[in-house]
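Here the structure is laid out as structure tokens; the discussion comes afterwards.
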Amino acid sequence: MKKRTLGTQGLEVSAIGYGCMGLNFGIGSGVDRPTAIAMIRAAHELGVTFFDTAEVYGPFTNEELVGEALEAVRDEVVLATKFGFRFEDGKSVGLSSRPESIRAVADASLKRLRTDRIDLFYQHRVDPDVPIEDVAGTVRDLIAEGKVKHFGLSEAGVDTIRRAHAVQPVTALQSEYS
């Protein structure tokens, strides 16, 4: 499998990544847990090293699935997950990228993913109520603590990316078309 380097911080991933959302969340009913785990493991055996999930997928259950599937090969893969939603009664009810929310999501995602670090931590949607500098600063602190390795933004505009990058280098970007 060919490799790609994301950003300027040296994050190397397989040229083909595995977006895990559809396994148990999103469009359709997904697949049963044993089949989903087998699919993730088969992708790894074929050379995929980049696996993407998010707390909102399920919510929470997709990260658990990915964590279970990849725990035995954790040091061979890059785990990407996302933050930025607020939940009530297990349902997404809006955005929240306040620093305390980001920290809580990081800790919860680490547990669900069965790991000591998140390789790529994306802001899933820009929260208009929280300055991007505060978001980037919080992720910068999580990087300094060793909980996160790289910072990403999803569906952010150019000005937002520049402002975030001034605080913490942005390693990866996602659009709704990526």
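The values are calculated or read from the model by the stated rules, or taken from the named source; none is laboratory data. Source: prediction; values computed, not measured. Cβ atoms come from the backbone with ideal geometry, glycine included; neighbour counts cover every protein chain shown. Surface accessibility is based on the protein's heavy atoms, side chains included, excluding ligands, DNA and RNA. Shrake-Rupley method; radii C 1.70, N 1.55, O 1.52, S 1.80 Å.
State yes or no: is M21 buried (at least 16 other Cβ atoms within 10 Å of the Cβ), over 19 Å from E71 (Cβ atoms) and in contact (Cβ under 8 Å) with a residue 40 or more places away in the chain? Yes, satisfied.
Of all residues in the stretch 43-63, those satisfying the criterion of being within 16 Å of the chain's Cα centre (by Cα) and at positive phi are G58, F60. Residues of the stretch 131-148 being farther than 13 Å from K82 by Cα, touching a helix residue (DSSP H, G or I) at 6+ places or on another chain (Cβ under 8 Å) and buried (at least 18 other Cβ atoms within 10 Å of the Cβ), which ones? Passing the criteria: I132, A136, T138, L142, K147. Restricting the stretch 2-29 to residues that are touching a strand residue (DSSP E or B) at 6+ places or on another chain (Cβ under 7 Å) and hydroxyl-bearing (S, T, Y) leaves a set whose member that is farthest from F51 (Cα to Cα) is T5. Residue check: R125 meets all listed conditions (1) over 13 Å from the mean Cα position of the chain (by Cα); (2) open to solvent by 10 Å² or more (accessible area, probe 1.4 Å) but one, namely (1).
The set of residues in the stretch 149-178 that are surrounded by 19 or more Cβ atoms within 10 Å (Cβ to Cβ) and aromatic (F, W, Y) contains only F151.
Yes or no, residue by residue, for (1) more than 30 Å from K3 (Cα to Cα); (2) crowded, with 21+ Cβ neighbours inside 10 Å; (3) hydrophobic (A, V, I, L, M, F, W, C):
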residue: R74; (1), (2), (3): no, no, no
residue: T81; (1), (2), (3): no, yes, no
residue: G84; (1), (2), (3): no, yes, no
residue: S92; (1), (2), (3): yes, no, no
residue: L95; (1), (2), (3): yes, no, yes
residue: E100; (1), (2), (3): yes, no, no
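To keep it simple, each residue is scored yes or no on (1) modelled with pLDDT of 95 or more; (2) assigned to a loop (DSSP other than H, G, I, E, B); (3) closer than 25 Å to F151 by Cβ.
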{"position": "T5", "(1), (2), (3)": "yes, no, yes"}
{"position": "G26", "(1), (2), (3)": "no, yes, yes"}
{"position": "P34", "(1), (2), (3)": "yes, no, no"}
{"position": "A54", "(1), (2), (3)": "yes, yes, yes"}
{"position": "V73", "(1), (2), (3)": "yes, no, yes"}
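For the stretch 43-58, the condition of being small (G, A, S), out of contact with any helix residue (DSSP H, G or I) (no Cβ under 6 Å at 6 or more places or on another chain) and open to solvent by 60 Å² or more (accessible area, probe 1.4 Å) holds for none of the residues.
In this structure, D107 qualifies as closer than 23 Å to C20 by Cα and open to solvent by less than 80 Å² (accessible area, probe 1.4 Å). Here the condition is being among the charged types (D, E, K, R) and either crowded, with 20+ Cβ neighbours inside 10 Å or under 30 Å from G137 (Cα atoms) (or both); of E12, E68, it holds for E12 alone. For beta carbons closer than 6 Å, sequence separation of 6+ or different chains, a first residue in the stretch 94-108 that is within 21 Å of G67 (Cα to Cα) and a second that is of a type in the set (V, I, T), the qualifying pairs are I102/T138.
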